[in-house]
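Student: Handing you this structure, nothing more for now.
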Amino acid sequence: MRFSRTFSSFAEWLNQDQRTSRYAKEIIKKHILYPRLTLNELRNIRISSYDLSRKPFILLSNREITLRQKALQIINRMRNGESFKNSMNGVDISIRDVKRHLGKALFKKRGRVLARLSDNIQRPLHFYEKGELTEIITRNFRDASKVARYMNAVKNALTGNESNLQEFKGKFIIDAKGKKRYFETDLNKLQKISEQIEDPEYFELYSWE
């Protein structure tokens, strides 16, 4: 399928000009979300109709980051056994925005809104790498869960139980940019990092800043 009457592919359209106008930038953002759509379809699709769960984290506006954070809080509650209605309690977000930011991670069954066991929503998480505390944007729930297990293993190792940390020795995870990110497992380096963290007891896994 051709991208348009003039261009056979998106790449051909992109390379034809500098594509720095507001219109061009909007087409590029839409193409990232919907790579199979034609130019005409990308022109006509409304921003409000986006499935924002598919939007790369680095393209989110500040408001969208806040909403994604709240939506993920809700689906985490649901995966821990709460109903959709109860999971919304105390979270300042509309049902419409929850559905836009969770997309296909939610589904209906017999009139009930349920959460799938996994999703492809990008999340920012704290991560230890090369002797430093840094951030990783994970590609999906599965990868985020792996990072969470690693961070928990680090916490246990720092209190004397190193057994679970060995699982991550020499291992890596692929981030949202396709880059290999290696788990830091050197206990001496991890100890130095921990000493630099203020209030480690209240250290948060997610990194939304």
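Student: When only DSSP loop residues count, what trypsin sites (Lys or Arg not before Pro) in region 1-61 have their Cβ near at most 10 other Cβ atoms within 10 Å?
Tutor: In loop regions of region 1-61 (DSSP not H, G, I, E or B), the sparsely surrounded trypsin sites (Lys or Arg not before Pro) are R5, R36, R46.
Student: Then there's this: Hey, which of these cross-link pairs are over 31 Å Cα-Cα: K29/K192; K104/K189; K109/K155; K30/K179; K30/K130?
Tutor: From the list (K29/K192; K104/K189; K109/K155; K30/K179; K30/K130), the Cα-Cα distance tops 31 Å for K29/K192; K104/K189; K109/K155; K30/K130.
Student: In addition: Determine the distance separating the Cα centre of region 113-181 from the Cα centre of region 1-28; give it in Å without decimals.
Tutor: 36 Å
Student: Also, quick follow-up: Could you tell me the relative contact order of the chain? Use alpha-carbon pairs under 8 Å, at least six residues apart, and round to a whole percent.
Tutor: 14 percent
Student: Sort 58-64, 122-128 by the packing proxy (mean of other Cβ within 10 Å over each peptide's residues), most packed first.
Tutor: Result, highest mean Cβ count within 10 Å first: 122-128, 58-64.
Student: With the dipole of region 23-106 worked out from charges on the C-beta (+1 for Lys and Arg, -1 for Asp and Glu) around the Cα centre, which of F57, G81, L67 lies farthest toward the positive end?
Tutor: The residue sitting most towards the positive pole is F57.
Student: For the chain, what is the mean residue ellipticity at 222 nm derived from helices alone (per DSSP H run of n ≥ 4: -39500 (n - 2.57); sum divided by total residues; nearest 500 deg cm²/dmol)?
Tutor: -11500 deg cm²/dmol
Student: Report the local net charge at Y150: Lys and Arg +1, Asp and Glu -1, summed over other residues whose C-beta lies under 12 Å from its C-beta.
Tutor: Its environment carries a net charge of +2.
Student: Quick check on the exposure proxy: order V91, V154, V113 from fewest to most C-beta atoms within 10 angstrom.
Tutor: Taking fewest neighbouring Cβ atoms as first place, the list is V91, V113, V154.
Student: With Rg and Dmax of the Cα atoms in Å in mind, check [x] 24.3, 68; [y] 33.8, 97; [z] 20.4, 65 and report the label derived from this structure.
Tutor: [z]
A short reminder: the numbers here are calculations on the coordinates, not readings from a lab. Note that the coordinates shown come from a computational prediction; the quantities given were computed from them, not determined experimentally. For neighbour counting, all protein chains shown are included, and Cβ atoms are generated from backbone atoms with ideal geometry for every residue, glycine included.
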